[in-house]
Structure formats: C-alpha cells, structure tokens
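Notes for the one structure printed next.
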Amino acid sequence: IKRVRTRHFQNAKANGIKITGLTSYDQLSATIFDEAGIDFLLVGDSAGNTVFGYDTTLPVTIDELIPLTRAVAGAVKRALVVADMPFGSYETGADEALHTAFRFMKETGAHAVKLEGGVRSAEQIRRIVSAGIPVMAHIGYTPQSEHGLGGHVIQGRGEGAEALLADAHAVEDAGAFAVVLEMVPSAVAAQITSELTIPTISVGAGPSTDGQLLVWTDWAGFSGGRIPKFVKQYADLRGVLGDAAKAYIADIASGSFPAPEHEYDA
Ligand code: KIV
Ligand code: NA
C-alpha cells in the first residue's frame, strides 16, 4: 500500500477527488479507519473532550497527546497522521512552535502537525515548514480560542468573511499544505476553496471544500450529549455498547455466561 503524502492532497485538489479525514486517538480505531481507506487521521486535541473528559481543549498538554499520537501513527499503513498542537504550545512564537513540532515528529511518528490560527499563526507555520515538517492550518472557529471568540460561534459571517479570507491566504502563503475550515458558512468556504491553491478541509463548512473531517466519536454515535449540527452520525456505538453491557450483566446474573464453550477442561 502506498502511503498518503502531502502531494496526494495537492493531487486530489487538482483532480477534484475529495479528501477524507477522521480524528483518532488510539490504535484500534486507527487500524479500522486506515483499512477502510480514510486518507488522514488527526490526533486532535479534541482528545481533551473525547478521551480525558475535560470541558474544553484548553487543559490538554503535549505530554497527554504524545502517547495517543504514537499509537495512531504506529497503527496506520496508508493514512497520513496529523498531530494536533495543543493550546499553549506554539503561541509565543516561531521558536516555541518549532520546538513543539519537533517533539511530535521525533516522539510519535506523525507525518504532519496542525495548529490553530490564520494571520496570527503565520510566522509559526512558516518556521515549522522551513524545518521540513508539513503543517495543516486550522481557521474559522478555533476551539482553543473559545473564550476569546465568545463561545461556539460560526466564523466568517457578514463582515467576518474578509478576515477569514485573509487568514486563509496567510496560511497558504506561510506554506501550509492544507487548511481546516471549522464552522464557516458554505458560501464563504466555497470562495476560499476556489481562491486557494492548497486543499481546504471542512469541519462544518459545507460540501464545496476539497475534503471533510469529523471527530470520530461524534460521527460514530459514541459521544454522549449534544452533537453539532454539521455532524452526520454513521453508527450508534453508544447504543451498541450499552446494549452489550446490559446483556453481559443479565447473562452473568442468570448464569448463562460463561457457557461450556468458554471454560477450560482440567
Ligand atoms: O481536535 C480536533 O478534533 C480538531 C478538528 C475537529 C478540526 O481540531
Ligand atoms: Na483540535
């Protein structure tokens, strides 16, 4: 199997082939998604919510993400693995950003890094790219700035479209190989997609982008609580596992598990 590399992202955009992505935080899901043919796996700092149970991504550390990223990178044969740089690991400047990117690349086997921010992160992107590390940018709604943005708010509406376009061009000029657009009106995402030469990846940015990405636990119906409007649920893992646990409890109570086929002879 041929590994997905950044040039495949470029080729996909040139040929109108859609790029597919999911998050992953462990080797089990990574293996399944890789074998199914998902093009890239993001070890997102959404692990703060999905794995560690925090309310936001803000507390997530590099040291928490490294073992998860190593598990995913070690599991895949084809997919490109993107390591998400957590809040507080790149904002102070290009040196800090490159230092963090080095940690992920050296300690996990990831193939690229992702960080949030457009114009404000351009110097960081430029420095990381100059060291030979591919960068996926992330603009629009950026969860690490939840408090600065005033909550879970759609970005790029009305007057905001101009600033979003500036962010998109800034990350392309800085050398990002792709850009995630999160919670952006479809028409604005379409305009960005047509103006940029690098592929755009939608997370709640409509169908006109060059690719799509979802948090896998939302996509698979594994997460509890409120699921964003832009997510389509492709399975009901929460229901399946809940039913399995109830059946297990009932079988143990009734004595029907373990059955003879589960027992060892003397
Ligand atoms: O951490 C994450 O899962 C993300 C995406 C959903 C864009 O950053
Ligand atoms: Na993230």
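Values in this text are rule-based calculations from the coordinates and carry no lab data. Not measured: the values here are computed from a predicted model. So basically every Cβ, Gly included, is an ideal-geometry build from the backbone, and we count neighbours across all protein chains shown.
Quick look at the numbers
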item	result
Kyte-Doolittle mean at least -1.0, axial Cα span of 18 Å or more - DSSP H helices of the chain	62-75, 94-108, 160-174, 237-254
DSSP-loop GluC sites (Glu not before Pro) across region 171-266, with at most 11 other Cβ within 10 angstrom	263
Whole-number D in µm² s⁻¹ for the chain, Kirkwood Cα-pair radius fed into Stokes-Einstein, 37 °C, 0.692 mPa s	170 µm²/s
Percent RCO, i.e. relative contact order, over region 1-159, from Cα pairs under 8 Å lying at least 6 residues apart	19 percent
Per-selection Rg to Rh, region 200-248 - Cα, Kirkwood hydrodynamic radius	1.13
Counted charge near residue 18, where neighbours are those whose Cβ lies closer than 12 Å (Asp, Glu -1; Lys, Arg +1)	-1
Count, lysine Cα pairs under 23 Å in the chain, 8 or more residues apart or across chains	14
